[in-house]
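What follows is a short report on a single structure.
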Amino acid sequence: MSDRREGKVILVRPGRVVVDLGSETVSAFVRGGLKIGPRQSRHVLAVGDDVILDLERGEPVIEEVLPRRNRVSRVAPGDPKAPVEHVLAANLDWLVVVLSLELPRFNPRVADRLLVLAEISNVPPLMVFNKSDRSEEEDPTPLYRAIGYPVLRTSAWTGEGLDSLRDALTGKVSLLAGPSGVGKSSLLNALRPGTERAVSAVSKATGKGVHATTAAHWFSLPGGGGIIDSPGIRGIQPWGLTPRSLPGCFPEFRDLPACQFRDCFHREEPGCQVRAAVEAGSIAFSRYESYRRLLDDASGTATS
Ligand code: GDP
Ligand code: ZN
(Lines give C-alpha, C1' and ligand atoms only; values in the text may rest on other atoms or scores of the structure.)
(Ligands and ions follow the chains in the order given, each with its own letter.)
Protein backbone atom coordinates (compact mmCIF):
# COMPACT_ATOMS: atom_id res chain seq x y z
CA MET A 1 0.00 0.00 0.00
CA SER A 2 1.53 3.30 -0.97
CA ASP A 3 1.10 6.44 1.03
CA ARG A 4 1.11 9.27 -1.49
CA ARG A 5 0.03 12.73 -0.48
CA GLU A 6 -0.23 15.99 -2.40
CA GLY A 7 1.24 19.13 -0.91
CA LYS A 8 2.70 22.53 -1.64
CA VAL A 9 6.37 23.47 -1.42
CA ILE A 10 6.79 26.39 0.99
CA LEU A 11 10.56 26.41 1.49
CA VAL A 12 13.42 25.35 -0.76
CA ARG A 13 16.85 24.37 0.49
CA PRO A 14 19.58 22.51 -1.40
CA GLY A 15 18.36 18.92 -1.78
CA ARG A 16 15.43 19.41 0.57
CA VAL A 17 12.12 21.20 0.66
CA VAL A 18 9.43 21.87 3.25
CA VAL A 19 5.99 20.77 2.07
CA ASP A 20 2.67 21.95 3.45
CA LEU A 21 0.25 19.02 3.50
CA GLY A 22 -2.62 21.08 4.86
CA SER A 23 -2.75 19.42 8.27
CA GLU A 24 1.02 19.47 8.82
CA THR A 25 4.29 20.50 7.23
CA VAL A 26 7.03 17.99 6.53
CA SER A 27 10.60 18.20 5.35
CA ALA A 28 11.13 16.12 2.21
CA PHE A 29 14.08 14.84 0.24
CA VAL A 30 14.50 15.78 -3.42
CA ARG A 31 15.97 13.05 -5.60
CA GLY A 32 18.75 14.12 -7.97
CA GLY A 33 16.94 13.04 -11.12
CA LEU A 34 13.78 15.02 -10.46
CA LYS A 35 13.22 17.60 -13.20
CA ILE A 36 10.44 19.86 -14.39
CA GLY A 37 10.07 20.90 -17.99
CA PRO A 38 12.61 20.81 -20.80
CA ARG A 39 14.91 23.59 -19.65
CA GLN A 40 17.73 23.41 -17.24
CA SER A 41 16.76 25.18 -14.05
CA ARG A 42 19.04 26.38 -11.34
CA HIS A 43 16.64 25.15 -8.71
CA VAL A 44 14.47 22.29 -9.78
CA LEU A 45 11.75 23.06 -7.28
CA ALA A 46 10.33 26.43 -6.38
CA VAL A 47 8.12 27.77 -3.62
CA GLY A 48 4.52 27.20 -4.67
CA ASP A 49 5.18 23.97 -6.52
CA ASP A 50 2.52 21.30 -6.03
CA VAL A 51 4.14 17.94 -5.42
CA ILE A 52 3.26 14.33 -4.71
CA LEU A 53 5.08 12.98 -1.67
CA ASP A 54 5.87 9.37 -0.94
CA LEU A 55 5.49 8.99 2.82
CA GLU A 56 6.01 5.26 2.84
CA ARG A 57 9.72 5.31 3.48
CA GLY A 58 11.44 6.55 6.58
CA GLU A 59 11.89 9.99 5.12
CA PRO A 60 9.32 11.71 2.87
CA VAL A 61 10.50 11.85 -0.77
CA ILE A 62 9.22 14.01 -3.62
CA GLU A 63 7.77 11.55 -6.14
CA GLU A 64 6.42 13.94 -8.68
CA VAL A 65 6.05 17.63 -9.43
CA LEU A 66 2.67 18.59 -10.86
CA PRO A 67 2.55 20.83 -13.95
CA ARG A 68 2.89 24.53 -13.17
CA ARG A 69 0.06 26.94 -13.96
CA ASN A 70 2.51 29.79 -14.11
CA ARG A 71 5.85 30.80 -12.69
CA VAL A 72 7.93 33.85 -11.92
CA SER A 73 11.45 33.35 -13.21
CA ARG A 74 14.58 35.33 -13.64
CA VAL A 75 17.64 34.92 -15.79
CA ALA A 76 20.16 33.37 -13.39
CA PRO A 77 23.40 35.33 -13.08
CA GLY A 78 26.02 33.79 -15.35
CA ASP A 79 26.97 33.42 -19.00
CA PRO A 80 24.50 35.53 -21.06
CA LYS A 81 25.16 33.27 -24.08
CA ALA A 82 23.79 30.27 -22.22
CA PRO A 83 21.00 31.74 -20.11
CA VAL A 84 19.60 29.60 -17.34
CA GLU A 85 16.14 30.04 -15.90
CA HIS A 86 15.83 30.43 -12.16
CA VAL A 87 12.25 29.86 -11.04
CA LEU A 88 11.48 31.95 -7.94
CA ALA A 89 7.87 30.91 -7.35
CA ALA A 90 5.20 28.87 -9.09
CA ASN A 91 1.40 28.50 -9.24
CA LEU A 92 0.61 32.01 -8.13
CA ASP A 93 -2.83 33.58 -7.92
CA TRP A 94 -1.51 37.11 -7.56
CA LEU A 95 1.61 39.15 -7.95
CA VAL A 96 0.87 41.80 -5.34
CA VAL A 97 2.55 45.03 -6.40
CA VAL A 98 2.76 47.22 -3.30
CA LEU A 99 3.37 50.91 -3.90
CA SER A 100 2.93 54.13 -2.01
CA LEU A 101 2.02 57.59 -3.17
CA GLU A 102 4.40 59.26 -0.76
CA LEU A 103 7.46 58.20 1.25
CA PRO A 104 8.66 56.76 -1.01
CA ARG A 105 7.08 58.75 -3.80
CA PHE A 106 5.26 56.81 -6.49
CA ASN A 107 7.69 55.75 -9.21
CA PRO A 108 5.93 54.71 -12.44
CA ARG A 109 9.08 53.00 -13.76
CA VAL A 110 9.17 50.64 -10.78
CA ALA A 111 5.42 50.00 -10.90
CA ASP A 112 5.37 49.32 -14.64
CA ARG A 113 8.40 47.05 -14.43
CA LEU A 114 6.63 44.87 -11.85
CA LEU A 115 3.43 44.84 -13.90
CA VAL A 116 5.45 43.62 -16.88
CA LEU A 117 6.96 40.91 -14.67
CA ALA A 118 3.42 39.81 -13.79
CA GLU A 119 2.34 39.82 -17.44
CA ILE A 120 5.35 37.88 -18.75
CA SER A 121 4.88 35.37 -15.91
CA ASN A 122 1.19 34.92 -16.62
CA VAL A 123 0.31 35.93 -13.05
CA PRO A 124 -2.48 38.47 -12.50
CA PRO A 125 -1.16 41.59 -10.78
CA LEU A 126 -2.95 43.16 -7.83
CA MET A 127 -1.86 46.75 -7.25
CA VAL A 128 -1.91 47.91 -3.66
CA PHE A 129 -1.39 51.60 -2.98
CA ASN A 130 -0.46 51.72 0.67
CA LYS A 131 -0.16 54.77 2.98
CA SER A 132 -3.58 55.99 1.87
CA ASP A 133 -3.61 57.99 5.14
CA ARG A 134 -1.15 60.39 3.57
CA SER A 135 -2.19 63.20 1.28
CA GLU A 136 -1.08 62.82 -2.26
CA GLU A 137 -0.44 65.33 -4.99
CA GLU A 138 -1.13 63.15 -7.96
CA ASP A 139 -3.22 60.02 -7.87
CA PRO A 140 -2.06 57.37 -10.36
CA THR A 141 -4.81 54.90 -9.42
CA PRO A 142 -7.30 56.01 -12.16
CA LEU A 143 -4.66 55.37 -14.81
CA TYR A 144 -4.12 51.78 -13.69
CA ARG A 145 -7.81 51.12 -13.16
CA ALA A 146 -8.45 52.33 -16.72
CA ILE A 147 -5.90 49.83 -18.02
CA GLY A 148 -7.93 47.17 -16.25
CA TYR A 149 -5.70 46.29 -13.31
CA PRO A 150 -7.29 45.67 -9.92
CA VAL A 151 -6.23 48.44 -7.55
CA LEU A 152 -6.65 48.62 -3.78
CA ARG A 153 -5.88 51.53 -1.49
CA THR A 154 -4.70 50.53 1.94
CA SER A 155 -3.27 51.93 5.12
CA ALA A 156 -1.44 49.62 7.47
CA TRP A 157 -1.77 52.46 9.99
CA THR A 158 -5.49 53.28 9.90
CA GLY A 159 -6.63 49.90 8.63
CA GLU A 160 -8.29 51.34 5.54
CA GLY A 161 -8.66 48.74 2.79
CA LEU A 162 -7.24 45.89 4.86
CA ASP A 163 -10.51 43.91 4.75
CA SER A 164 -10.52 44.12 0.96
CA LEU A 165 -6.88 43.06 0.85
CA ARG A 166 -7.58 40.15 3.19
CA ASP A 167 -10.56 39.09 1.05
CA ALA A 168 -8.44 39.19 -2.09
CA LEU A 169 -5.58 37.16 -0.62
CA THR A 170 -7.27 34.61 1.63
CA GLY A 171 -7.17 31.12 0.17
CA LYS A 172 -4.80 32.28 -2.56
CA VAL A 173 -1.05 32.13 -3.09
CA SER A 174 0.46 35.57 -3.65
CA LEU A 175 3.93 36.83 -4.36
CA LEU A 176 4.69 40.16 -2.72
CA ALA A 177 6.71 42.79 -4.58
CA GLY A 178 7.43 46.49 -4.37
CA PRO A 179 10.07 49.05 -3.45
CA SER A 180 11.40 49.08 0.09
CA GLY A 181 9.66 51.42 2.49
CA VAL A 182 6.20 51.21 0.94
CA GLY A 183 4.87 49.12 3.84
CA LYS A 184 5.07 45.50 2.70
CA SER A 185 6.17 44.21 6.12
CA SER A 186 3.55 46.36 7.83
CA LEU A 187 0.83 44.91 5.61
CA LEU A 188 2.09 41.38 6.22
CA ASN A 189 2.00 42.00 9.96
CA ALA A 190 -1.51 43.40 9.72
CA LEU A 191 -2.71 40.35 7.79
CA ARG A 192 -0.98 37.96 10.17
CA PRO A 193 -1.50 39.23 13.71
CA GLY A 194 1.08 37.91 16.10
CA THR A 195 3.75 37.35 13.51
CA GLU A 196 7.24 37.53 14.90
CA ARG A 197 8.61 39.31 11.87
CA ALA A 198 9.15 42.84 13.08
CA VAL A 199 8.62 45.82 10.79
CA SER A 200 11.80 46.75 9.00
CA ALA A 201 13.92 44.72 11.41
CA VAL A 202 15.58 42.98 8.51
CA SER A 203 16.20 46.05 6.40
CA LYS A 204 17.39 48.08 9.38
CA ALA A 205 19.84 45.38 10.40
CA THR A 206 21.28 44.91 6.93
CA GLY A 207 21.13 48.47 5.66
CA LYS A 208 18.99 49.73 2.82
CA GLY A 209 19.30 47.82 -0.42
CA VAL A 210 22.30 45.84 0.70
CA HIS A 211 22.39 42.18 -0.37
CA ALA A 212 18.87 42.07 -1.69
CA THR A 213 18.37 38.34 -1.96
CA THR A 214 15.79 36.46 -3.95
CA ALA A 215 15.26 33.91 -1.19
CA ALA A 216 11.55 33.32 -0.89
CA HIS A 217 9.80 33.23 2.49
CA TRP A 218 6.37 31.75 2.89
CA PHE A 219 3.83 33.25 5.30
CA SER A 220 0.65 31.25 5.84
CA LEU A 221 -2.54 33.28 6.10
CA PRO A 222 -4.99 32.63 8.95
CA GLY A 223 -7.87 31.80 6.59
CA GLY A 224 -5.78 29.67 4.22
CA GLY A 225 -3.37 30.43 1.43
CA GLY A 226 -0.07 32.19 1.76
CA ILE A 227 2.07 35.16 0.90
CA ILE A 228 5.53 34.67 -0.55
CA ASP A 229 7.93 37.45 0.27
CA SER A 230 10.98 37.57 -1.97
CA PRO A 231 12.81 40.81 -1.20
CA GLY A 232 14.96 40.87 -4.35
CA ILE A 233 12.07 40.33 -6.75
CA ARG A 234 11.84 43.92 -7.94
CA GLY A 235 15.38 43.89 -9.30
CA ILE A 236 15.27 40.67 -11.27
CA GLN A 237 15.76 40.33 -15.00
CA PRO A 238 12.52 38.60 -16.02
CA TRP A 239 12.97 35.36 -17.93
CA GLY A 240 11.55 35.43 -21.45
CA LEU A 241 11.35 39.22 -21.72
CA THR A 242 12.47 40.22 -25.20
CA PRO A 243 11.77 43.14 -27.54
CA ARG A 244 9.21 40.81 -29.18
CA SER A 245 7.40 39.72 -26.02
CA LEU A 246 7.47 43.13 -24.30
CA PRO A 247 4.63 44.90 -26.20
CA GLY A 248 2.24 42.09 -25.23
CA CYS A 249 2.93 42.96 -21.59
CA PHE A 250 1.15 46.32 -22.00
CA PRO A 251 -2.60 45.57 -22.10
CA GLU A 252 -3.42 49.00 -23.54
CA PHE A 253 -1.29 48.24 -26.66
CA ARG A 254 -3.31 45.15 -27.49
CA ASP A 255 -6.50 46.42 -29.12
CA LEU A 256 -5.00 49.07 -31.36
CA PRO A 257 -5.16 48.99 -35.15
CA ALA A 258 -2.09 47.34 -36.71
CA CYS A 259 1.03 49.46 -37.12
CA GLN A 260 2.31 50.12 -40.64
CA PHE A 261 5.13 47.63 -40.12
CA ARG A 262 4.23 44.22 -38.82
CA ASP A 263 7.44 44.02 -36.82
CA CYS A 264 7.05 47.52 -35.36
CA PHE A 265 8.80 48.00 -32.01
CA HIS A 266 6.79 51.19 -31.44
CA ARG A 267 9.90 53.36 -31.40
CA GLU A 268 10.31 55.90 -34.22
CA GLU A 269 8.84 53.74 -36.99
CA PRO A 270 6.42 55.54 -39.35
CA GLY A 271 2.76 54.63 -39.03
CA CYS A 272 3.11 53.41 -35.45
CA GLN A 273 -0.32 53.11 -33.85
CA VAL A 274 1.08 52.94 -30.33
CA ARG A 275 2.83 56.29 -30.72
CA ALA A 276 -0.31 57.71 -32.35
CA ALA A 277 -2.31 56.60 -29.31
CA VAL A 278 0.25 58.22 -26.98
CA GLU A 279 0.01 61.46 -28.94
CA ALA A 280 -3.79 61.27 -28.87
CA GLY A 281 -3.64 60.76 -25.11
CA SER A 282 -5.37 57.38 -25.04
CA ILE A 283 -2.14 55.74 -23.85
CA ALA A 284 -0.49 57.45 -20.89
CA PHE A 285 2.88 58.97 -21.66
CA SER A 286 4.34 57.58 -18.45
CA ARG A 287 3.42 54.05 -19.55
CA TYR A 288 5.01 54.61 -22.96
CA GLU A 289 8.12 55.94 -21.25
CA SER A 290 8.31 52.78 -19.14
CA TYR A 291 7.87 50.72 -22.30
CA ARG A 292 10.81 52.45 -23.96
CA ARG A 293 13.06 51.92 -20.95
CA LEU A 294 12.14 48.25 -20.77
CA LEU A 295 12.63 47.89 -24.53
CA ASP A 296 16.18 49.23 -24.20
CA ASP A 297 16.82 46.79 -21.34
CA ALA A 298 15.37 43.83 -23.24
CA SER A 299 17.32 44.71 -26.39
CA GLY A 300 20.57 44.52 -24.50
CA THR A 301 19.92 41.21 -22.85
CA ALA A 302 17.62 39.08 -24.95
CA THR A 303 16.69 35.62 -23.75
CA SER A 304 14.42 33.12 -25.46
P1 GDP B 1 8.69 47.65 3.55
O2 GDP B 1 10.12 48.05 3.37
O3 GDP B 1 7.93 47.74 2.26
O4 GDP B 1 8.51 46.31 4.21
O5 GDP B 1 8.00 48.77 4.48
P6 GDP B 1 7.73 48.75 6.07
O7 GDP B 1 6.55 47.92 6.38
O8 GDP B 1 9.01 48.43 6.76
O9 GDP B 1 7.32 50.28 6.31
C10 GDP B 1 8.20 51.36 6.04
C11 GDP B 1 7.77 52.57 6.87
O12 GDP B 1 6.49 53.02 6.44
C13 GDP B 1 7.64 52.24 8.35
O14 GDP B 1 8.09 53.36 9.06
C15 GDP B 1 6.15 52.03 8.54
O16 GDP B 1 5.72 52.31 9.84
C17 GDP B 1 5.58 53.02 7.54
N18 GDP B 1 4.24 52.63 7.05
C19 GDP B 1 3.85 51.38 6.72
N20 GDP B 1 2.55 51.39 6.34
C21 GDP B 1 2.12 52.67 6.43
C22 GDP B 1 0.88 53.31 6.18
O23 GDP B 1 -0.13 52.72 5.79
N24 GDP B 1 0.84 54.67 6.37
C25 GDP B 1 1.91 55.37 6.79
N26 GDP B 1 1.77 56.68 6.94
N27 GDP B 1 3.10 54.78 7.04
C28 GDP B 1 3.21 53.45 6.87
ZN1 ZN C 1 4.16 50.50 -33.61
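The values are calculated or read from the model by the stated rules, or taken from the named source; none is laboratory data. Please read all numbers here as calculations on a predicted model, not as lab measurements. Heads up, the Cβs are rebuilt from the backbone with ideal geometry, glycines too, and the neighbour counts pull from every protein chain shown. We work out accessible area using only protein heavy atoms, side chains counted, and drop any ligands, DNA or RNA first. Shrake-Rupley method; radii C 1.70, N 1.55, O 1.52, S 1.80 Å.
Cβ under 13 Å from residue 225's Cβ, residue 225 left aside: what net charge do those residues give with Lys, Arg +1 and Asp, Glu -1? Kindly include the intermediate steps, with their values, before the conclusion.
On the way: positive: 8, 166, 172, 192; negative: 20, 93, 167.
Around residue 225, the charge tally is +1.
Ellipticity at 222 nm from helices only: DSSP H runs of n ≥ 4 in the chain, each -39500 (n - 2.57), divided by the residue count, give -6500 deg cm²/dmol.
Gain in length, residue 260 to residue 166, computed as 0.36 nm per residue apart minus the alpha-carbon separation, to one decimal in nm? Before the final figure, lay out the partial values.
Values: separation 94, 0.36 × 94 = 33.84 nm, distance 4.60 nm.
Full extension from residue 260 to residue 166 adds 29.2 nm.
Of all the Cα-Cα pairs you can form in segment 247-299, what percent are over 17 Å apart? Value for segment 247-299: 27 percent of Cα pairs lie more than 17 Å apart.
Determine the shape class of segment 75-125: with a ≥ b ≥ c the square roots of the Cα gyration tensor eigenvalues, call it rounded for a/c under 1.5, and otherwise prolate if a/b is greater than b/c, oblate otherwise. Don't skip to the end; give the middle numbers.
Working: a/c = 2.90, a/b = 1.62, b/c = 1.79.
Since a/c reaches 1.5 but b/c is at least a/b, the shape of segment 75-125 is classed as oblate.
In this structure, residue 139 and residue 293 have a Cβ-Cβ separation that, at R0 = 35 Å, corresponds to a calculated FRET efficiency of about 0.95. Give the carbon-plus-sulfur fraction of the accessible surface of segment 247-299 in %, rounded to a whole number; probe 1.4 Å, heavy atoms of protein chains only. Taking all protein chains in place, segment 247-299 shows 49 percent carbon and sulfur surface. The slack in the chain from residue 56 to residue 21, taken as 0.36 nm per residue of separation less the alpha-carbon distance, amounts to 11.1 nm.
Give the Rg/Rh ratio for segment 4-65, taking Rg as the radius of gyration of the Cα atoms and Rh as the Kirkwood radius, to two decimals. Before the final figure, lay out each step's value.
Values: Rg = 10.7 Å, Rh = 11.5 Å.
My calculation of the ratio gives 0.93.
Probing with 1.4 Å while keeping every protein chain in the model, the per residue accessible area of the chain equals 49 Å².
For segment 4-65, which whole-number percentage of the solvent-accessible area (1.4 Å probe, protein heavy atoms only) is attributable to carbon and sulfur atoms? It is 48 percent, rounded to a whole number.
Mean separation of Cα pairs under 8 Å and 6+ residues apart, divided by the residue count of the chain: what relative contact order is that in percent?
Numbers: 568 pairs, mean separation 43.9, N = 304.
Relative contact order for the chain comes out at 14 percent.
Classify the chain from the C-alpha gyration tensor, please: rounded if a/c falls under 1.5, else prolate or oblate depending on whether a/b exceeds b/c. Could you put the intermediate results ahead of the total?
Values: a/c = 2.07, a/b = 1.33, b/c = 1.56.
Judged from the Cα gyration tensor, the chain comes out oblate (a/c at least 1.5, b/c at or above a/b).
Spin-label pair residue 157-residue 6: with each label point 7 Å from Cα along the Cα-Cβ axis, the two points sit 4.5 nm from one another.
Take the Cα of residue 107, go 7 Å toward its beta carbon, and none of the backbone nitrogen atoms of segment 241-270 fall under 17 Å from that spot.
When exposed loop sites are taken as GluC sites (Glu not before Pro) in a DSSP loop with at most 14 other Cβ atoms within 10 Å, the longest stretch of the chain clear of them is 197-267.
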